[in-house]
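Asks: To start, I am sharing the structure in question, which I have written as structure tokens.
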Amino acid sequence: MSSRLEPATRHYDEKLQQILKTSAKIFAEKGFHHTSVRDIARATKMSLSGLYYYFTTKEELLFLIQERCFVTLLQRWEQAANSNPDIRPRIRAFAENHLSFFLHNMPEMKVMAHEDESLTGEFNDKILVLKRRYVKVIMDLIGELQTQEGGKALTCASRPSRCSA
């Protein structure tokens, strides 16, 4: 029975990803508050009721976009983190993961940067948990590097006064 459901689930996931990509592009262009669900329906060539099958409110749609970004970043990081025990290559891998993701997902990056205060209530709380988890990764990496360097403060070669940890 579960094998009969897999294609339907895959189709649902693929359609949801298409909706999220298209919505992120529109939110990036027009802004969350200036975008209507009708705008998204036109862009996705779906009916309003068809869209509401995937989300119940426009705010939930924004949440799903941001959640997908953070979950993808964290999953990709977890895969990359295990590849090297040395701290510097892991920091480099974190930076490359972050930059690569947003280079290939510019609308999502704009949405996350410009609409980070548009979520409220439970949606905001859930995204804050993911944000904190993501920030903790880099903070832990920096802490590990500081420990490896004997507790010395980290500085940037080009501007030590502005980059000290």
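The values are calculated or read from the model by the stated rules, or taken from the named source; none is laboratory data. What you see is a predicted model; the values in this text were computed from it and never measured. FYI the Cβ positions are ideal-geometry reconstructions off the backbone, even for glycines, and counts take in every protein chain you see. To get the accessible areas, we keep the full protein, side chains included, count just its heavy atoms, and leave off ligands, DNA and RNA. Shrake-Rupley method; radii C 1.70, N 1.55, O 1.52, S 1.80 Å.
Asks: Are any of the residues in region 84-91 surrounded by 15 or more Cβ atoms within 10 Å (Cβ to Cβ) and at pLDDT 95 or above?
Replies: Keep residues of region 84-91 that are surrounded by 15 or more Cβ atoms within 10 Å (Cβ to Cβ), which gives 87, 90-91.
Then keep just the ones that are at pLDDT 95 or above; that gives none.
No, region 84-91 contains no residue that is surrounded by 15 or more Cβ atoms within 10 Å (Cβ to Cβ) and at pLDDT 95 or above.
Asks: Would you pick out the residues in region 96-108 that are in contact with a helix residue (DSSP H, G or I) (Cβ under 9 Å, 6 or more places away or on another chain) and either open to solvent by 40 Å² or more (accessible area, probe 1.4 Å) or not hydrophobic (A, V, I, L, M, F, W, C) (or both)? Steps first, please.
Replies: To start, the set of residues in region 96-108 that are in contact with a helix residue (DSSP H, G or I) (Cβ under 9 Å, 6 or more places away or on another chain) comprises 96-98, 100-103, 105-108.
Across region 96-108, the qualifying residues are 96, 97, 98, 100, 103, 105, 106, 107, 108.
Asks: Kindly check whether there is at least one residue in region 2-13 that is open to solvent by 70 Å² or more (accessible area, probe 1.4 Å), in a helix (DSSP H, G or I) and either in contact with a Gly (Cβ under 6 Å, 6 or more places away or on another chain) or at pLDDT 95 or above (or both).
Replies: The answer is no, given that none of the residues of region 2-13 is open to solvent by 70 Å² or more (accessible area, probe 1.4 Å), in a helix (DSSP H, G or I) and either in contact with a Gly (Cβ under 6 Å, 6 or more places away or on another chain) or at pLDDT 95 or above (or both).
Asks: From the list 135, 111, 129, 71, exactly one residue is open to solvent by less than 40 Å² (accessible area, probe 1.4 Å) and either at pLDDT 95 or above or part of a loop (DSSP other than H, G, I, E, B) (or both). Which is it? Don't jump to the end; show me each part of the working.
Replies: Values: 135 fails: open to solvent by less than 40 Å² (accessible area, probe 1.4 Å); 129 fails: open to solvent by less than 40 Å² (accessible area, probe 1.4 Å); 71 fails: open to solvent by less than 40 Å² (accessible area, probe 1.4 Å).
That would be 111, the only listed residue that is open to solvent by less than 40 Å² (accessible area, probe 1.4 Å) and either at pLDDT 95 or above or part of a loop (DSSP other than H, G, I, E, B) (or both).
Asks: Scanning region 28-52 for residues that are of a type in the set (A, V, I, L, M, F, W, C) and assigned to a helix (DSSP H, G or I), which turns out surrounded by the fewest Cβ atoms within 10 Å (Cβ to Cβ)?
Replies: Of the residues in region 28-52, the ones of a type in the set (A, V, I, L, M, F, W, C) are 28, 32, 37, 40-41, 43, 46, 48, 51.
Now narrow it down to the ones that are assigned to a helix (DSSP H, G or I): 28, 37, 40-41, 43, 48, 51.
Numbers: 28: 21, 37: 15, 40: 21, 41: 17, 43: 14, 48: 11, 51: 18.
Filtering first and then ranking leaves 48.
Asks: If you don't mind, another one. Against the definition (farther than 30 Å from residue 30 by Cβ and either β-branched (Val, Ile, Thr) or in a loop (DSSP other than H, G, I, E, B) (or both)), how does residue 85 come out, yes or no?
Replies: On the way: farther than 30 Å from residue 30 by Cβ: yes; either β-branched (Val, Ile, Thr) or in a loop (DSSP other than H, G, I, E, B) (or both): yes.
So residue 85 passes the test.
Asks: Here's something else I'd like to know. Any residue in region 39-60 that is closer than 18 Å to residue 25 by Cβ sitting within a Cβ distance under 7 Å of a residue that is small (Gly, Ala, Ser)? List the pairs, counting only those 6 or more apart or interchain.
Replies: Note: pairs meeting the criteria are 40/23; 41/47; 51/41.
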